[in-house]
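Presented below is the structure to which this report refers.
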Amino acid sequence: MEGQWTKERVWEWYNARPWIRGCNFMGSDVINWLDMWQEYGFEEKLKTADREIELLVKTGYNAIRTLLFYPIWKEDHDGCMQRLERYLSMLDKHGVKAVLVLGNDCQVTKDNPYCFLKSGPQNCDWGYHGGRKRSQHSTLSTEPGYWLIDDEPEEVYAWVREILETYKNDERILIWDLYNEPGNCRREKLTIPHIKRFFEIAREVNPIQPITSGSWRINDKDEELCEVEQYVLDNSDIISYHSYSTYIENVQIIRKLKQYGRPIINTEWLGRVLHNTVQEIFPLFYVEKIGCFNWGFVAGKYQTYEPWEASWEQYYRGEQPDLDFTKWFHDLYRPNFRPYDPKEIEIIQTLTRAADKEFEEGRNV
């Protein structure tokens, strides 16, 4: 079994390609990950994604990060694999690489009506981040988030292995992000055996792509990380993290992560309500050559332009008075493809053009 990539190997991989930048992508007519990958409505949703990926390339991006969905694979194995292949082919047509996410701890609780979704038409609640009145983005839940890995670990591991085996030599896949926000939604130690098994499977398969899982609670304070987040930082080929915090906090987080001596990618950013903006954060990533994926692209049914429910709750409890609810939370474009703020797009295009020119001239290292 192959182990973690050496620092020399991963830096050689990282420096051999242009600056990685993109978004966490879900088509604007999609309400959840089940809706994205199910057979119902897939043809129209693929057409929507095709149009929006064309816009993504014009914006200056070259990659997307997106989550796969185990229950669809379980319910409709062959169809699921065929749809994934078609999605990757569509991205490749536009020259866009994919970061594929497998596990996910950002989940609602078992008693939530959105926990056990069924294939077919998907409803959304308008005015709520993620299209859900009761979402995982709330401070009111007290139970651990739920997903089927608790009940069906071996089946989930088989899914992970098949996806990795199928695409382990496929250049359309940029990076494997094995597990989204491990330990989130009060899962903590529930996650540790699962994420270790995900990493073991990936090392056994030995893909040509690097693997990672993101630290989502790392901050600018001198605090000891919890076990699950320390594990992913110690075992990932590329260091990845999430941060919707301010410019100064990101500077300090980056300083902490540099101690690992590996390339760094921020796989979730852009939270204007929290003062995490394109104007400040995107130039920082460019200067530091940190790969980056903001959350959201074209505003739609998923409604990630709305604030997290936790933001409302914390504001009204007086815990976060300095929130700017006049701004969209995520997303770069309106449904008519006009920018939310054209000045943001101008910044992105200016810096991505500069990065590509530097790469072509051999000045990217």
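The values are calculated or read from the model by the stated rules, or taken from the named source; none is laboratory data. Note that the structure is a prediction, hence the values are computed from the model and not measured. So basically every Cβ, Gly included, is an ideal-geometry build from the backbone, and we count neighbours across all protein chains shown.
Here's the yes/no breakdown for (1) touching a residue at least 24 places away in the same chain (Cβ under 8 Å); (2) touching a Phe, Trp or Tyr at 6+ places or on another chain (Cβ under 7 Å); (3) on the phi > 0 side of the Ramachandran plot:
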{"site": "Phe116", "(1), (2), (3)": "no, no, no"}
{"site": "Gly120", "(1), (2), (3)": "yes, yes, yes"}
{"site": "Gly130", "(1), (2), (3)": "yes, yes, yes"}
{"site": "Thr142", "(1), (2), (3)": "yes, no, no"}
{"site": "Tyr146", "(1), (2), (3)": "yes, no, no"}
{"site": "Glu155", "(1), (2), (3)": "yes, no, no"}
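Being touching a Ser or Thr at 6+ places or on another chain (Cβ under 7 Å) and polar (S, T, N, Q) is the filter here; which residues of the stretch 120-154 pass it?
Ser141
Kindly list, by first and then second residue, each pair from a residue in the stretch 63-79 that is within 23 Å of Val96 (Cβ to Cβ) to a residue that is assigned to a strand (DSSP E or B) and among the β-branched types (Val, Ile, Thr), limited to pairs with Cβ atoms under 6 Å and residues at least 6 apart or on different chains.
Arg65/Val99; Arg65/Thr267; Leu67/Val101
Among Asp177, Asp237, Asp222, which is charged (D, E, K, R) and under 25 Å from Arg83 (Cα atoms)? Break it down into steps so the answer makes sense when it comes.
Values: Asp237 fails: under 25 Å from Arg83 (Cα atoms); Asp222 fails: under 25 Å from Arg83 (Cα atoms).
The unique qualifying residue is Asp177.
With respect to the numbered conditions (1) closer than 16 Å to Leu100 by Cα; (2) buried (at least 18 other Cβ atoms within 10 Å of the Cβ), which one is the sole condition not fulfilled by His194?
(1)
Restricting the first residue to the stretch 101-113 and requiring it to be closer than 17 Å to Trp176 by Cβ, which pairs with a second residue that is assigned to a loop (DSSP other than H, G, I, E, B) and of a type in the set (Gly, Ala, Ser) meet a Cβ separation below 7 Å and a spacing of at least six or different chains?
Asp105/Gly145; Asp105/Gly183
Listed residues Phe282, Phe359; which is under 18 Å from the mean Cα position of the chain (by Cα) and closer than 26 Å to Pro210 by Cα? Don't jump to the end; show me each part of the working.
Numbers: Phe359 fails: under 18 Å from the mean Cα position of the chain (by Cα).
After applying the criteria, what remains is Phe282.
Would you pick out the residues in the stretch 5-40 that are surrounded by 18 or more Cβ atoms within 10 Å (Cβ to Cβ) and either at pLDDT below 95 or not in a loop (DSSP other than H, G, I, E, B) (or both)? Write out each step before concluding.
The initial filter retains those residues of the stretch 5-40 that are surrounded by 18 or more Cβ atoms within 10 Å (Cβ to Cβ), namely 10, 14, 19-38.
Those that are surrounded by 18 or more Cβ atoms within 10 Å (Cβ to Cβ) and either at pLDDT below 95 or not in a loop (DSSP other than H, G, I, E, B) (or both): Val10, Tyr14, Arg21, Gly22, Cys23, Asn24, Trp33, Leu34, Asp35, Met36, Trp37.
Out of everything in the stretch 104-143 that is among the hydrophobic types (A, V, I, L, M, F, W, C) and touching an Asp or Glu at 6+ places or on another chain (Cβ under 7 Å), what residue ends up being farthest from Trp33 (Cα to Cα)? Show your work before the answer.
If we filter the stretch 104-143 for residues that are among the hydrophobic types (A, V, I, L, M, F, W, C), which is where we start, we get 106, 108, 115-117, 124, 126, 140.
Within this subset, residues satisfying the condition of being touching an Asp or Glu at 6+ places or on another chain (Cβ under 7 Å) are 106, 140.
On the way: Cys106: 12, Leu140: 23 Å.
My answer is Leu140.
So, in the stretch 103-115, how many residues would count as being within 22 Å of the chain's Cα centre (by Cα), assigned to a loop (DSSP other than H, G, I, E, B) and not aliphatic (A, V, I, L, M)?
Start the filter on the stretch 103-115 by keeping residues that are within 22 Å of the chain's Cα centre (by Cα), which leaves 103-109, 114-115.
Applying the additional criterion that residues be assigned to a loop (DSSP other than H, G, I, E, B) yields 105-109, 114-115.
Within this subset, residues satisfying the condition of being not aliphatic (A, V, I, L, M) are 105-107, 109, 114-115.
Going through the stretch 103-115 one residue at a time, the tally reaches 6.
Please state which one of Leu100, Leu88 is crowded, with 21+ Cβ neighbours inside 10 Å and either of a type in the set (S, T, N, Q) or under 17 Å from the mean Cα position of the chain (by Cα) (or both). Don't jump to the end; show me each part of the working.
On the way: Leu88 fails: crowded, with 21+ Cβ neighbours inside 10 Å.
Result of the check over Leu100, Leu88: Leu100.
Let's see how each residue does on (1) within 26 Å of Ile265 (Cβ to Cβ); (2) touching a Lys or Arg at 6+ places or on another chain (Cβ under 9 Å):
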residue	(1), (2)
Glu2	yes, yes
Glu12	yes, no
Ile31	no, yes
Phe69	yes, no
Glu75	no, no
Asp78	no, no
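Give just the number: which of (1) surrounded by 15 or more Cβ atoms within 10 Å (Cβ to Cβ); (2) over 20 Å from the mean Cα position of the chain (by Cα); (3) modelled with pLDDT under 95 does Ser138 not satisfy?
Status for Ser138: all satisfied but (2).
Looking only at residues that are hydrophobic (A, V, I, L, M, F, W, C) and part of a helix (DSSP H, G or I) in the stretch 63-85, which one is farthest from Phe42 (Cα to Cα)?
Here is the first cut: in the stretch 63-85, the ones hydrophobic (A, V, I, L, M, F, W, C) are 63-64, 67-69, 72-73, 80-81, 84.
Remaining after also requiring part of a helix (DSSP H, G or I): 72-73, 80-81, 84.
Numbers: Ile72: 13, Trp73: 15, Cys80: 11, Met81: 13, Leu84: 11 Å.
Out of the qualifying residues, it is Trp73.
Output the residues belonging to the stretch 301-357 that are farther than 15 Å from Val273 by Cα and of a type in the set (Gly, Ala, Ser).
Gly318, Ala354, Ala355
Cβ-Cβ distance below 9 Å, separation of 6 or more or different chains: which pairs start in the stretch 165-178 with a residue that is more than 17 Å from Ser236 (Cα to Cα) and in contact (Cβ under 8 Å) with a residue 12 or more places away in the chain and end on one that is among the aromatic types (Phe, Trp, Tyr) and outside any loop (DSSP other than H, G, I, E, B)?
Going by the 9 Å Cβ cut-off, the qualifying pairs are Tyr167/Trp176.
Looking for something of a type outside the set (Lys, Arg) and part of a helix (DSSP H, G or I) - is there at least one such residue anywhere in the stretch 170-187? Break it down into steps so the answer makes sense when it comes.
Step one: list which residues in the stretch 170-187 are of a type outside the set (Lys, Arg), which gives 170-171, 173-185.
From what is left, the residues that are part of a helix (DSSP H, G or I) are none.
No, there is no match, as no residue in the stretch 170-187 is of a type outside the set (Lys, Arg) and part of a helix (DSSP H, G or I).
Looking only at the stretch 346-365, count how many residues are in a loop (DSSP other than H, G, I, E, B) and either modelled with pLDDT of 95 or more or β-branched (Val, Ile, Thr) (or both). Full working, then the answer.
Going through the stretch 346-365, the residues in a loop (DSSP other than H, G, I, E, B) turn out to be 361-365.
Cutting the leftovers down to either modelled with pLDDT of 95 or more or β-branched (Val, Ile, Thr) (or both) gives us 365.
Counting residues in the stretch 346-365 that are in a loop (DSSP other than H, G, I, E, B) and either modelled with pLDDT of 95 or more or β-branched (Val, Ile, Thr) (or both) gives 1.
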